[in-house]
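What follows is one structure encoded as structure tokens, with my remarks underneath.
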Amino acid sequence: MWWSLPSTTTAFVCGIPTPPITACAAPAATTDVVAAVAAACKKYGLALGLYYSLWDRSEPRYTRDFAGEYIPYMQAQLTELMDGRYDPIAELWLDGGWDKARSQWRLEELYDLVKRLQPEC
């Protein structure tokens, strides 16, 4: 769905202004999109897979305190996605980890979290 109240902004790529980008301000969320997709998957006999970007450039904690604030924030988001409300989750695709060293992401902890909450994932 595209919202109908656009605003225009100029983006910069490598310091060079790009043509104006039209972005639309979305109203407050009224639908749990993951739940809707999970229900559709169940209805049609499909396994549910989720995409999660490790790197959230819009989250201030990412640059403010990566280890102390951002990692717990990310773990809380993944806990919400994997805690059973969208059962079962067959696959979790992580993306965006190139910005930090593997050890900084604590991927072993994320793997353990996912396997504890969704053993078949």
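Numbers for the structure displayed
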quantity: Selection within segment 63-116 - part of a helix (DSSP H, G or I) and closer than 20 Å to residue 32 by Cα; calculated: 73, 74, 75, 76, 77, 78, 79, 80, 81, 82
quantity: Count of residues meeting criterion [among the small types (Gly, Ala, Ser) and in contact with a helix residue (DSSP H, G or I) (Cβ under 7 Å, 6 or more places away or on another chain)] in segment 85-117; calculated: 1
quantity: Cβ pairs under 8 Å, 6+ apart, first in segment 106-121 and within 17 Å of residue 95 (Cα to Cα), second among the basic types (Lys, Arg); calculated: 121/115
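Residue-wise test of (1) at pLDDT below 95; (2) over 24 Å from residue 60 (Cα atoms); (3) buried (at least 16 other Cβ atoms within 10 Å of the Cβ).
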residue: 87; (1), (2), (3): yes, yes, no
residue: 91; (1), (2), (3): no, yes, no
residue: 98; (1), (2), (3): yes, no, no
residue: 102; (1), (2), (3): yes, no, no
residue: 111; (1), (2), (3): no, yes, no
residue: 114; (1), (2), (3): no, yes, yes
residue: 117; (1), (2), (3): no, yes, yes
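The values are calculated or read from the model by the stated rules, or taken from the named source; none is laboratory data. Keep in mind that what you see is a predicted model, and the values were worked out from it rather than measured. Cβ coordinates were reconstructed from backbone atoms using ideal geometry, including for glycine residues, and neighbour counts include every protein chain displayed.
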